[in-house]
1. If a residue has to be within 8 Å of the ligand (Cβ to nearest atom) and β-branched (Val, Ile, Thr) to count, how many in the stretch 133-165 make the cut?
2. Somewhere in the stretch 198-211, is a residue surrounded by fewer than 17 Cβ atoms within 10 Å (Cβ to Cβ) and within 21 Å of Ala39 (Cβ to Cβ)?
3. Within the stretch 242-249, does at least one residue satisfy the condition of being surrounded by fewer than 22 Cβ atoms within 10 Å (Cβ to Cβ), among the hydroxyl-bearing types (Ser, Thr, Tyr) and either assigned to a helix (DSSP H, G or I) or on the phi > 0 side of the Ramachandran plot (or both)?
4. Checking Met253 against (1) more than 19 Å from the chain's Cα centre (by Cα); (2) of a type in the set (A, V, I, L, M); (3) crowded, with 23+ Cβ neighbours inside 10 Å: exactly one of these is not met. Which one?
5. Within the stretch 40-65, take every residue that is more than 9 Å from the ligand (Cβ to nearest atom) and not in a helix (DSSP H, G or I) and give me the one that is farthest from Val160 (Cα to Cα).
6. Mind counting the residues in the stretch 115-133 that are out of contact with any helix residue (DSSP H, G or I) (no Cβ under 6 Å at 6 or more places or on another chain), open to solvent by 10 Å² or more (accessible area, probe 1.4 Å) and within 24 Å of Gly196 (Cβ to Cβ)?
7. Of all residues in the stretch 151-174, which are in contact with an Asp or Glu (Cβ under 9 Å, 6 or more places away or on another chain), in a helix (DSSP H, G or I) and surrounded by 18 or more Cβ atoms within 10 Å (Cβ to Cβ)?
8. Have a look at Ala83, Ala90 and point out the one that is assigned by TED's automatic domain parsing to the domain that holds Ser289 and outside any loop (DSSP other than H, G, I, E, B).
Amino acid sequence: MKSIHRATFAALAALALTAGPAAAQYPNKPITAIVPFAAGGPTDVVTRLVTEHMSRTLGQQIVVENIGGAGGTIGMTRAATAAPDGYTIAVGNMGTQSAAPALYPNLKYDPATSFTQISVVNYTPQTIVSKKDLPPKSLKELLDYLKANSEKMNYGHAGVGSISYVSGFVFNAQFGFKPAMVAYKGTGPALNDLVGGQIDYLVDQSMNVIPQITAGTIKAYAVAHPERIAALPDVPTTKELGVDFIFSAWNAMVAPKGLPKDIQDKLLDALSKAMDDPALIKRYEDLGSTAPKGADRGPEGLQKLVEAEVARITPVLKAAAAK
Ligand code: MLT
């Protein structure tokens, strides 16, 4: 009996030594949050919103590092290969975490197995927008205009595999449009060029385009969503216009694979506190975004979403490529 007690005590002591101290002292220096796209775009905006709040909960600064390029896969590769000590986290999106494997045969990470999942951070529908002085006044007119002119036009996106690339690729393939595809390191700089008139149209996250739509510097034709969003009450949905094109984006916080569970829990707790803050909920609403709730929040919800989205988007991309 005594020896069983001694063994149990030894096992508990060993567990305390391996699991306890990491979380007890964490974080004791600034954390880096990799954004795999340019500053000013939707991933950057949502990451700065949540990490500013998280840093207050955790008592340490979270420094955002923008590592754009190759549709976000450069930054996510950096995140996948960093030390799993909680001092490097990243916010990927539906492109980097679901579409990239179908488009990059030599991708150095697997979204389902190379990361410690933390949680979905937000969902945002895509919106179809153009430069301000493009002649069409409705989605129907835009589709007709693109049918006649797309080969002379420019579509902007955040690199092969990004959400704007994938949603534009599917949209263009569905209607037979053939614009020049112009790559940026994120839709932050792509949107600047849309406002400046250097590119013609974009299918981009509402989170990115709402401020410019509201300011009247770009034109919105439809939100690719089943219901209107409160932040754009006057912009119709593709569904109500009878156009079969629904496309939603999401962002997700991850860390390198092998992150200790107690650190994962601390990060999730801080992220949850941010997403439950009424000020942040209001900010999300103003940007057409929503936060995950219930079982959709946390590592299991994110793991399920990644696996389901990889399975859903791979055939969609193949079908679009075949067109
Ligand atoms: C960005 O932050 O620039 C976007 O999320 C890029 C995209 O995936 O379209």
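The values are calculated or read from the model by the stated rules, or taken from the named source; none is laboratory data. The structure displayed is predicted, hence computed values, not measured ones. Note that each Cβ is placed from the backbone with ideal geometry, even for glycine, and that neighbours are counted across all protein chains shown. These accessible areas exclude ligands, DNA and RNA; they are computed on the full protein's heavy atoms, side chains included. Shrake-Rupley method; radii C 1.70, N 1.55, O 1.52, S 1.80 Å.
1. Result for the stretch 133-165: 1.
2. Looking through the stretch 198-211, at least one residue is surrounded by fewer than 17 Cβ atoms within 10 Å (Cβ to Cβ) and within 21 Å of Ala39 (Cβ to Cβ).
3. No: zero hits.
4. Evaluating Met253 over (1) more than 19 Å from the chain's Cα centre (by Cα); (2) of a type in the set (A, V, I, L, M); (3) crowded, with 23+ Cβ neighbours inside 10 Å leaves (1) as the failure.
5. Gly59
6. The number of residues fulfilling the criteria is 2.
7. Ile163, Ser164, Ser167, Gly168
8. Every option except Ala90 fails the conditions.
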